[in-house]
Structure formats: structure tokens, C-alpha cells
Amino acid sequence: MLFPTIDFAIFFAGAFTANWLLRPYPRLWKLAMVAASYLFYSWWNWRFIFLLAAATALAYGGAHFVHRAEGDRARRLTLAATVVALLAMLAWFKYYGFLAVNLDNLFHAIGAGRVLPLRQVTLPVGISFFTFMAVSYVVDVYRRRIEPAGAADVTVYLSFFPHLVAGPIVRGEELLPQIRRQRERRQVDFSRGAWLVAMGLFKKVVVSSYVQSAIVDPVFSSPRQHSALEVLFAVYGYAVQIYADFSGYTDIAIGCALLLGFRFPDNFDAPYTATNLQDFWHRWHMTLSRWLRDYLYIPLGGNRGSRLAVARNIVLTMVLGGLWHGAAWTFVAWGAFHGVGQVVGHERRRWRARRGLPEQPTGTWRLAVARIATFHLVCFGWLLFRSDSLQSAGALLSRLTSFGRAPLVTPLLVLTLAGTIAAQFLRATTVAQVQRAFGRQRLAVQGAILGGALLVITTLGPQGVAPFIYYRF
């Protein structure tokens, strides 16, 4: 079920009503939220609700066994068994086909027979997100950051529909206390929730869809038919498309959760204002960045050890982060690029520190140069990320020396790209002031503003809405 659809609007109206009517009755409320969330997930394919249930049972059971195990060795073995079981489900659905094809190609090249049967495995929507949430829950119980929760609480935590299929990745310590806690409707910032939903819809339905159809899809589908300027703007366009698509989805998810009385962590913080690649990952998909840091990078050794060990940990973390996004060599290359880029940046900051220079650039012009350079590095990464293959990425890069007409680069497209990026340079206090001004209006005025916004979105949006990019991750 996609957010910007009539189906979801009807579904959410029912879920919203049930949420607030049953909130004084915790058991009934949890049952209603689980039923609503499983209905939401089954809208795409009802068979995969059993996969979600299996991940929930593993997380619940594993956390309790970890908590009750006696001795560090038993606790570690129980944790390892649970995490391996959770990741095995993810690996089967997401990586079996990739592994089988590449092994088949390898053994065919050396004249050996087929090792693994080639199977077409359907990728369940959102499996990466709820698997990572399940892993973080079990690990946090092992680390004694949280206590094991009851079966109903864990089921609501993993299946709660606003975050279920494309995040943000919410940790147990962030959501479980909210599930247990009673809340009054008067304490909920409904105006901010509605604002976020409207802004998210505009970014997804209008901005992302327009840029995708205007230049990204035409150029990436047939790069050899387009000039250098069109290829360049297609890469810029994809940077804007994926930001508007994913941050728009996150805004809707956070807004819907807020309307139901829950607060999710922020997932974006003006990523295209970053001054280096490390700064970019502090601003882009922040819940994933923190997950990779806390559950992969630090266990690998983090910043401890030699410079070579630290570099290895960074690159390995980013390569696995790339593979998390998809089973393809383009995602591996994208992750490796960001990993190597962060290592280079880390060494550069170390070099500047040894000479008594500030680690980060200072001054207006130096900041501007750093931001422009970082943006173009990120765009190169997006070229790898969006391409169907490394060969396609190479074909796009080769067209950057092919000059000619650029009919797809229209004034409206340039204005859309520039406006979306420029909006990230607005001060957070300015955005907050606008939100508060909206919240101070009478309910009738707020309704009129939201109605006008929906009319604009419906008018400017395309017929039908493409699925969110991150649904397939």
C-alpha cells in the first residue's frame, strides 16, 4: 500500500480512529495496531506476513534467551545464533539470486558445472528495514541497554505500519517506551504531523515524480542518445529525485506516526549542504548511518587500532552498507566509493590537524568550495547507484564529452533542481517558525491551507504515482 493513494487515506482514517478510541485499553490497542499493520503489509502480498511474523518471533525469542542465558559465552552464542537466523532470511530473499548468478558465471568461466540452482526469489517489501530493527533490538538486549519486551510490544514495535516498509529505522529504546506509555490527545502536535505529511506528499508526488519523468528515466534508460549536458542534469536530477522521494516518504512516515501520538527520529538534515562525505552521512538516512556505526563499524573495531585497520573498518562498513541497498555490483561500487572517500577525508583531516590547521574549512568561500565538491562527489556516487550495471555507468560517464543539443534541460527543470537544493540551505529556525505559525492558526484555517496544498499536489502531480525508490531495499 503506497502512502500517496486513496487506499492509504481510507486505511489511515480507520487506523487513526481505532488508535485514539482504543488507546485507554492497552491490550485492545496493541491488537488493533498489529491487525492494522499486518493488513497494511499484506496489501502488496499477503504471503509475506508470515515472514514478518517469523522475524518477530526470532527477535522476541532470541532476546529473551539472550537475557536469561548464564555466562558471557552462552549469551554470545545465543546472540550470534539469533542474528545469523535473522540475517539468513534477509540473505535468502535478497542475495541468493545475486550469489547464484555470480557463482554460475565464475564456474562457467573455468569450465566447472553449476554450483547453485538459479532461482527467481521475490524480494519482500521492506525486509531490510524490519530485519535491521529486529537485529538492533536483540543486540541492545544483549548489551543491556534495554530489557526484553513482551510479545505484544515486540510485535507492535516491528510491524508498526508508518515505519514498516521503508523506515526510518527506529530502535527499541526509542519506540518501545512509547508503545507502553499512555498519552493524551492534547499532548500531540497534530498540526506538525499534518504539515509533515503535506510537505512529504509535495516532495514525493510533485518534485520526485516530475524530475524522474522529465530527465532521469529517459537519460539513464538510453544514455547514448543524449548529450553531455543532459547526462549531467540527469545525474543532478537523480540526486534531487532520490532526496525528494526518500525524505518525502520519511516526512509522511514521521507525520503519520506523530498523528498517532508517536515520535520517530529524524532521518534527513539537509544532506546536500555537507562539506565532506562523512558530514554527508551524518545528514543522509541518519537512522541507517547510526545503525551501521553502532552495530557494524564499532564491532569491527571502529577507530581503535592502526590507521590501516580504521580504513579497513570504514570501507568494509560502507561496502556492506551498499550491499544492504541492493544485491548488485553497482551498489558494491557505490559503497566502496563512499568508503574510500571517507578514508581520504579522514586522512586529510588528520594531515591538517598535524599542521595546526582547522579540520573543517572556514570562511564563506572555502565552505562554498567544500560543499560544491562534496555535492559532486555524492552525485558521482548516485550515478553508480542508479545505473543498471557498471557498464551502463561507464556509458553515462563517456557521454560527458559528447556535446550537442539538450532539449530535456528546460527552464522548469533547472528551476526545480536549483530550488530543491537551495531549500536545504534555509535555516532550521526559519522552517520551525513557519511550522509554528501554521500551528497557531485556527483549525478551520489549517484545514483550508492543507486542502489548498492537496489541490496543488493533485494538480501538479502525475497520473498515478511511482513506488518509492526505497521500497525495493
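Inter-label distance, residue 359 to residue 44: 3.8 nm, where each label sits 7 Å from its Cα along the C-beta direction. Among the trypsin sites (Lys or Arg not before Pro) within the stretch 90-163, those in coil by DSSP and having at most 14 neighbouring Cβ atoms inside 10 Å are 114, 119, 143, 144, 145. With the simple model of a label 7 Å out from the Cα in the direction of the Cβ, residue 118 to residue 87 spans 2.9 nm.
Using the Cα centre of the stretch 176-256 as the reference point, and only Cβ charges (+1 on K/R, -1 on D/E), how large is the resulting charge dipole? Debye, rounded to the nearest 20. The partial results should precede the final answer.
Values: 9 positive and 6 negative charges, 115 e Å.
Around 560 debye, computed over the stretch 176-256.
Here the Karplus curve 6.51 cos²θ - 1.76 cosθ + 1.60, taken at θ = phi - 60°, turns the phi angles of the stretch 441-446 into couplings of 6, 5, 4, 5, 5, 4 Hz, with x standing for Gly and Pro.
Look at the dipole of the stretch 81-234 built from charges on Cβ: of 85, 231, 121, the Cα furthest out on the positive end belongs to 85.
If r is the Cβ-Cβ distance from residue 373 to residue 459 and R0 is 41 Å, what FRET efficiency results, to the nearest 0.05? It comes out at approximately 0.60.
Placing pseudo-labels 7 Å out from each Cα toward the beta carbon at residue 54 and residue 403 gives an inter-label distance of 5.8 nm. Which is farthest toward the positive dipole end of the stretch 190-460 among 295, 404, 390, measuring Cα position about the Cα centre, with Cβ charges +1 (Lys, Arg) and -1 (Asp, Glu)? Of the listed residues, the answer is 295. Of the trypsin sites (Lys or Arg not before Pro) found in the stretch 379-471, the ones in coil according to DSSP and having at most 16 other Cβ atoms within 10 Å of their Cβ are 405, 427, 440, 442. Take every Cα pair under 8 Å whose residues are at least 6 apart in sequence, average their separation, divide by the length of the stretch 6-182, and the relative contact order is 28 percent. Say R0 is 60 Å: what FRET efficiency, to the nearest 0.05, do residue 340 and residue 448 get from their beta-carbon distance? Approximately 0.70, to the nearest 0.05.
Ratio of alpha-carbon Rg to the 2.2 N^0.38 Å globular estimate for the chain, to two decimals, please.
Details: Rg = 23.3 Å, N = 473, 2.2 N^0.38 = 22.8 Å.
In units of the 2.2 N^0.38 Å rule of thumb, it is 1.02.
Evaluate E = 1/(1 + (r/R0)^6) for residue 189 and residue 105, where r is the Cβ-Cβ distance and R0 equals 51 Å; express this FRET efficiency to the nearest 0.05. Don't skip to the end; give the middle numbers.
Details: r = 54 Å, r/R0 = 1.05.
It comes out at approximately 0.40.
Think of each Lys and Arg Cβ as +1 and each Asp and Glu Cβ as -1; about the Cα centre, that makes the dipole of the chain roughly 1080 debye.
With θ taken as phi - 60° and the Karplus curve 6.51 cos²θ - 1.76 cosθ + 1.60 applied, the whole-hertz 3J(HN,Hα) list for the stretch 164-179 is 5, 9, 8, x, x, 7, 9, 8, x, 5, 8, 9, 4, x, 6, 5 Hz, x standing for glycine and proline.
Taking the Cα centre of the stretch 190-460 as origin, work out the dipole magnitude from +1 charges on Lys and Arg Cβ and -1 charges on Asp and Glu Cβ, in debye rounded to 20.
I would put it at about 880 debye.
Throughout, read-outs are computed from the coordinates displayed, never taken from laboratory work. The model shown is predicted, which means the values in this text are computed figures rather than measured ones. Please note: Cβ atoms are built from the backbone with ideal geometry, for glycine as well, and neighbour counts cover all protein chains shown.
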